[in-house]
1. Quick one: in segment 133-160, which of the residues that are out of contact with any helix residue (DSSP H, G or I) (no Cβ under 9 Å at 6 or more places or on another chain) and buried (at least 23 other Cβ atoms within 10 Å of the Cβ) is farthest from residue 106 (Cα to Cα)?
2. Here is a list of conditions, (1) over 16 Å from residue 183 (Cβ atoms); (2) aliphatic (A, V, I, L, M); (3) modelled with pLDDT under 95, and residue 144 meets all of them except one; can you say which number that is?
3. Does residue 27 count as part of a loop (DSSP other than H, G, I, E, B), touching a Lys or Arg at 6+ places or on another chain (Cβ under 9 Å) and surrounded by fewer than 24 Cβ atoms within 10 Å (Cβ to Cβ)?
4. So, in segment 278-313, of the ones that are buried (at least 24 other Cβ atoms within 10 Å of the Cβ) and over 16 Å from residue 35 (Cα atoms), which residue ends up modelled with the lowest pLDDT?
5. Only one of these conditions is not met by residue 248: (1) modelled with pLDDT of 95 or more; (2) within 21 Å of residue 148 (Cα to Cα); (3) in a loop (DSSP other than H, G, I, E, B). Which number is it?
6. Restricting attention to segment 78-90, and to residues there that are in contact with a strand residue (DSSP E or B) (Cβ under 7 Å, 6 or more places away or on another chain) and more than 18 Å from residue 129 (Cα to Cα), which single residue is surrounded by the fewest Cβ atoms within 10 Å (Cβ to Cβ)?
7. Quick one: is residue 33 crowded, with 22+ Cβ neighbours inside 10 Å, closer than 13 Å to residue 121 by Cα and touching a Pro at 6+ places or on another chain (Cβ under 7 Å)?
8. Looking at segment 174-182, can you tell me whether even one residue there is modelled with pLDDT of 95 or more, farther than 20 Å from residue 92 by Cβ and in contact with a helix residue (DSSP H, G or I) (Cβ under 6 Å, 6 or more places away or on another chain)?
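The values are calculated or read from the model by the stated rules, or taken from the named source; none is laboratory data. Here the structure is a predicted model, which means the values were calculated and not measured. With ideal geometry, Cβ positions are generated from the backbone for all residues, glycine too; neighbour counts draw on all protein chains shown.
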Amino acid sequence: MVSLLAKVASADAESIAHAARILRQGGLVAFPTETVYGLGADATNGRAVAGIFAAKGRPRFNPLIVHVRDLAEAERHAEFTDAARDLAARFWPGALTLVLPRATTPLSDLVSAGLSTVALRVPAHPVAQRLLQEAAVPIAAPSANPSGKVSATTAVHVAEGLQDKVDFILDGGATILGLESTVIGFDGDRPALLRPGAITREDIEAVAGSLRKAGPAIQSPGQLDSHYAPSASLRLNVSEPEPDEALLGFGPSQNAALNLSPAGNLKEAAANLFAMLRQLDRNAPRIAVMPIPERGLGEAINDRLRRAAAARA
């Protein structure tokens, strides 16, 4: 039996070139972005994209993010509004996904999950950028973990979760931001926050104005009620854990098994969130989480925690 780590390689020039060949041949490659690790396939190859859904156990109605090299490439796949261009100019490359009407494009229909829109992102991570350049295809890539489970922020997390379902894993170290991208959709030129993420609402609104609330329909990745969930049950806004609970702290705490940020730093907490949930999940049947302020990155952190704590089907 092949070791879980046998397909993991440091993200040097040789391994990136090998990963690019796998993508062009229709295989699946996990790679780092600045947010979390992605499970990538050639976004123009329907069979390869279907492989993502199969590997993750992902519902076919849940669309995928397509990663591209730059704005010029993105504009070949979607119809951009002025507001979308303003956001792209400010935050690309980076942790922003834009959901826009599909143009006439070679992208597989599967990436859109039957919708008339497509989710596009230009990643900032140098490994992701080099892979896009080397592969010379747009890469569809949700988070590299089983559907609904905690996102992967290291190559080892990917190997543990997906095992033999991924062909190759590029190891670029732990991700810097630790939360998925912020997803913005549009009603005409009016932006809507579809998923809070690593770029805060305040930063988006400084460019695009007030964000409207997303409707109930699934329009982008990360909108399922139950998502990002450990196997252990999760209880939120807890000051004192129960005897069988491991406490995930934030700010000063004497009782925390692990602490997202003893100093109360939301950026540090975001970077630690998924890795610490995974660590506690290995040792405790229940996890309690201390209150986290609903400001800045706290909006995205609390979004992930609420979905992780939601009732599971």
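1. Per the stated criteria, the residue is 155.
2. Here residue 144 meets the rest and fails (3).
3. Numbers: part of a loop (DSSP other than H, G, I, E, B): yes; touching a Lys or Arg at 6+ places or on another chain (Cβ under 9 Å): yes; surrounded by fewer than 24 Cβ atoms within 10 Å (Cβ to Cβ): yes.
Yes: the conditions hold for residue 27.
4. Ranking the qualifying residues of segment 278-313, first place goes to 308.
5. Residue 248 satisfies every listed condition except (3).
6. Let us first name the residues in segment 78-90 that are in contact with a strand residue (DSSP E or B) (Cβ under 7 Å, 6 or more places away or on another chain), namely 78-81, 83-84, 87-88.
Filter again for more than 18 Å from residue 129 (Cα to Cα), leaving 78-81, 83-84, 87.
Details: 78: 22, 79: 14, 80: 19, 81: 17, 83: 18, 84: 24, 87: 22.
Taking the candidates together, the pick is 79.
7. Details: crowded, with 22+ Cβ neighbours inside 10 Å: yes; closer than 13 Å to residue 121 by Cα: yes; touching a Pro at 6+ places or on another chain (Cβ under 7 Å): yes.
It is true that residue 33 is crowded, with 22+ Cβ neighbours inside 10 Å, closer than 13 Å to residue 121 by Cα and touching a Pro at 6+ places or on another chain (Cβ under 7 Å).
8. Within segment 174-182, not a single residue is modelled with pLDDT of 95 or more, farther than 20 Å from residue 92 by Cβ and in contact with a helix residue (DSSP H, G or I) (Cβ under 6 Å, 6 or more places away or on another chain).
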